[in-house]
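What follows is a short report on a single structure.
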Amino acid sequence: MQTNEVAAIVKKIAVRIIEEKQFLTELDNAIGDGDHGINMARGFEAVLSKLDSEAYQTPSDVFKVVAMTLISTVGGSAGPLYGTAFLNMSKATAAKTEIYINDFIEAVKSGAEGVSMRGKSTEGEKTMLDSMFPAVRAMQNEANKGESHARIIEAGWTAAASGVEYTKTIAATKGRASYIGERSIGHQDPGATSFTIMLEEVKKAVKNGSFCNSIT
Amino acid sequence: MVAFVIVSHSAKLSEGVADLARMSAPNARIFPAGGLPDGAYGTSFDLISEAVKCAYSEEGVILIFDMGSAAMTSEMVVESLSLNKVRVVDCPVAEGAVLGTVLAESGVDFDEIVYELENFSKTE
Ligand SMILES: Nc1ncnc2c1ncn2[C@@H]1O[C@H](COP(=O)(O)OP(=O)(O)O)[C@@H](O)[C@H]1O
Ligand SMILES: [Mg+2]
């Protein structure tokens, strides 16, 4: 995947997150402070205008500008968390002019590790990590089997979506939702949901074929 | 004198904590960094960075925060600035600010204030 394709997918993600503002906010209303959608939409609106106003040299530069923009504009936990994730994705792909499927998986993995480090959190705490890590493992599995990139991303998305379902069954022990503890059971985690939505946009882009030849 | 930055989701809360601290330590160097630039609730990387830069001297800056996500944003600011003696300390926001500024005003140094705040307990 080349820089312009990475930027195009990020823009699709931005547009979709902005569309899901209300939904993500409702999810956060149930167990948090009802601002996840607002935070994410504010961040990705800024990302959209940043990406439109400048051209970038490498995929790593795109990830970096996304990171810096989210860090300065989001305002809630999602800012430092997704900011760190994209910053790690940028570091993981540094100096590459094009990224391949394995680079993508490695980048997402290092993004998830960044969230874990920043949030002092692990899987099973009802956070975005409950989608991120399963997605990474599923993609690694498919990649090891030599599956097509479309299959790989599809498997990652499926695992992320199952992760969202899983968050309904557990109590939050990190983030604001931990203040309501057991009462958070039954509700899905907003951050796990927003991550799954992002991966869904990657999946659509790959399926459309527009990125098929370049992600190998 | 060691300076303090009060990081909160609410501008009012951070200003209130600063006022409270100044009651006991009128000469304290304390910088509120609460809310987003447009007044909305949240923590702002840019506002916090600005506050730390204003507060900075070789004697050090301690960041005190109201809750989890404020800590994360504060840590990112500290990492990005990479200045000596700038630290995010986990302690109660109001009492930590009062204790910290009182100590700072009486000339206690950075490491000792950090130690006192990290070991601060409300009930002792
Ligand atoms: N310590 C953490 N580690 C990982 N993810 C976290 C942590 N704290 C919060 N989150 C994620 O952030 C989401 C909430 O984001 P948001 O509403 O934007 O921030 P805030 O909690 O500051 O209001 C949660 O649904 C969860 O997925
Ligand atoms: Mg929230």
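Structure values in brief
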{"item": "Complete set of residues in segment B:33-54 that are facing another protein chain (nearest Cβ under 7 Å) and of a type in the set (Phe, Trp, Tyr)", "result": "B:PHE45"}
{"item": "Test: residue in segment A:148-155 that is assigned to a loop (DSSP other than H, G, I, E, B), at pLDDT below 95 and among the hydrophobic types (A, V, I, L, M, F, W, C)", "result": "no"}
{"item": "Any hit, segment A:174-193, residues being in a helix (DSSP H, G or I), within 13 Å of ligand 1 (Cβ to nearest atom), out of contact with any His (no Cβ under 9 Å at 6 or more places or on another chain) and more than 14 Å from chain B (Cβ to nearest Cβ)", "result": "yes"}
{"item": "Residue count for segment A:82-112, restricted to those that are of a type in the set (Val, Ile, Thr) and within 13 Å of chain B (Cβ to nearest Cβ)", "result": "1"}
{"item": "Only one of A:GLU123, A:GLU113 that is surrounded by fewer than 22 Cβ atoms within 10 Å (Cβ to Cβ), without any contact (Cβ under 8 Å) to a residue 12 or more places away in the chain and charged (D, E, K, R)", "result": "A:GLU123"}
{"item": "A:ALA155 surrounded by 16 or more Cβ atoms within 10 Å (Cβ to Cβ), within 14 Å of chain B (Cβ to nearest Cβ) and of a type in the set (Gly, Ala, Ser)", "result": "no"}
{"item": "Test: A:SER162 is over 24 Å from A:ASP28 (Cβ atoms), polar (S, T, N, Q), out of contact with any Gly (no Cβ under 9 Å at 6 or more places or on another chain) and at pLDDT 95 or above", "result": "no"}
{"item": "Residues (within 13 Å of ligand 1 (Cβ to nearest atom) and either outside any helix (DSSP H, G or I) or surrounded by 16 or more Cβ atoms within 10 Å (Cβ to Cβ) (or both)) located in segment A:158-170", "result": "A:ALA160, A:GLY163, A:VAL164, A:TYR166, A:THR167, A:ILE170"}
{"item": "Which numbered condition A:ALA143 fails, given (1) farther than 24 Å from B:LEU47 by Cα; (2) within 14 Å of ligand 1 (Cβ to nearest atom); (3) part of a helix (DSSP H, G or I)", "result": "(2)"}
{"item": "B:VAL88 being in contact (Cβ under 8 Å) with a residue 12 or more places away in the chain, within 20 Å of B:GLY35 (Cβ to Cβ), not in a strand (DSSP E or B) and not small (Gly, Ala, Ser)", "result": "no"}
{"item": "Restricting segment A:154-182 to residues that are in contact (Cβ under 8 Å) with a residue 60 or more places away in the chain and not small (Gly, Ala, Ser), the residue that is nearest to A:GLU106 (Cα to Cα)", "result": "A:ARG176"}
{"item": "Unmet criterion (only one of (1) within 16 Å of ligand 2 (Cβ to nearest atom); (2) crowded, with 24+ Cβ neighbours inside 10 Å) for A:PHE63", "result": "(1)"}
{"item": "Test: residue in segment A:82-94 that is within 16 Å of ligand 2 (Cβ to nearest atom) and at pLDDT 95 or above", "result": "yes"}
{"item": "Hits in segment A:82-108 (condition: of a type in the set (Ser, Thr, Tyr) and in a helix (DSSP H, G or I))", "result": "A:TYR82, A:THR84, A:SER90"}
{"item": "Output for segment B:27-51, where each listed residue is in contact with a helix residue (DSSP H, G or I) (Cβ under 8 Å, 6 or more places away or on another chain), outside any helix (DSSP H, G or I) and on the phi < 0 side of the Ramachandran plot", "result": "B:ASN27, B:ALA28, B:ARG29, B:ILE30, B:PHE31, B:PRO32, B:ALA33, B:GLY34, B:LEU36, B:PRO37, B:THR43, B:SER44"}
{"item": "Elements of type helices (runs of 4 or more DSSP H) in segment A:1-81, at least 1 residues being within 16 Å of ligand 1 (Cβ to nearest atom) and within 14 Å of another protein chain (Cβ to nearest Cβ)", "result": "A:21-31, A:36-53, A:59-73"}
{"item": "Candidates B:GLU112, B:GLU75, filtered to the one that is under 21 Å from A:MET68 (Cα atoms), among the charged types (D, E, K, R) and at pLDDT 95 or above", "result": "B:GLU75"}
{"item": "Where a residue in segment A:18-37 is on the phi > 0 side of the Ramachandran plot and its partner, wherever it lies, is surrounded by fewer than 23 Cβ atoms within 10 Å (Cβ to Cβ), with Cβ under 6 Å and at least six apart", "result": "A:GLY34/A:THR25"}
{"item": "Any hit, segment A:174-193, residues being crowded, with 20+ Cβ neighbours inside 10 Å, within 16 Å of ligand 2 (Cβ to nearest atom) and of a type in the set (Val, Ile, Thr)", "result": "yes"}
{"item": "Contacts under 8 angstrom Cβ, first residue in segment B:61-77 being more than 9 Å from every other protein chain (Cβ to nearest Cβ), partner basic (Lys, Arg), 6 or more apart", "result": "B:VAL61/B:LYS85; B:VAL61/B:ARG87; B:ILE62/B:ARG87; B:LEU63/B:ARG87"}
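The values are calculated or read from the model by the stated rules, or taken from the named source; none is laboratory data. Just so it is clear, the structure is predicted and the values come from calculations on it, not from any experiment. Glycine gets a Cβ as well: all are built from the backbone with ideal geometry, and neighbour counts include every protein chain shown.
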